[in-house]
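Reviewing the structure listed below.
None of the figures in this text is laboratory data; all of them are computed from the coordinates on show. All values derive from a computational prediction rather than experimental measurement. Glycine gets a Cβ as well: all are built from the backbone with ideal geometry, and neighbour counts include every protein chain shown.
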């Protein structure tokens, strides 16, 4: 039995890799941690502000939900990449997150990794004769 057949037999749905929405979702999921670090690199923020800043800074390309962002913030804080403090913001007590030095270092490593991946993608597109049109990708 081939791998695809055995996966299908196990009840797993095989994604449609020719569907742009599959790739958009995968990219958004992968980039959400990067963009959380990116917006916090600019200034400390509370969780909902992080959600809004990521959406704004990516022009909606990456629009994580609060349910996605808070676990990421907790993970980064547990790892020592963020620190937090309780502050009153617009009359409400909020947990405000700030990058630590370790978080700033992680952000720079992430930038370098994504730039390397981007260069490979651009080269792949060039090798394919630029056949992927931006409007097709943006749907």
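Brief remarks follow.
- Rel. contact order, % - alpha carbon contacts under 8 angstrom, at least six apart, region 15-138: 23 percent
- Order of 109, 36, 72 under a 10 Å beta carbon neighbour criterion, fewest first: 109, 72, 36
- Computed helical MRE - 222 nm, the chain, DSSP H runs ≥ 4 contributing -39500 (n - 2.57), nearest 500: -20000 deg cm²/dmol
- Region 15-138 gives an Rg/Rh value of 1.05, both radii derived from C-alpha positions and Rh following Kirkwood.
- Spin-label pair residue 48/residue 22, simplified geometry with 7 Å Cα→Cβ offset, distance in nm: 3.7 nm
- Estimated inter-spin distance, residue 116 and residue 88, nm [label 7 Å along Cα→Cβ]: 4.8 nm
- Stretchable slack from residue 59 to residue 128, in nm (0.36 nm times residue separation minus alpha-carbon distance): 22.1 nm
- Percent of C-alpha pairs per 5 Å bin, region 10-67, short to long: 4, 18, 25, 19, 11, 9, 7, 4, 1, 0
- Normalised by residue count, region 45-90 yields a Cα convex hull volume of 80 Å³ per residue.
- Label-to-label distance, nm, for residues given as residue 41 and residue 74 (7 Å Cα→Cβ offset): 2.6 nm
- Euclidean distance of C-alpha centroids, region 64-122 and region 32-55, integer Å: 6 Å
- When the chain is treated as a Gaussian network with alpha carbon springs shorter than 10 Å, the biggest mean-square fluctuation among 64, 20, 44 belongs to 20.
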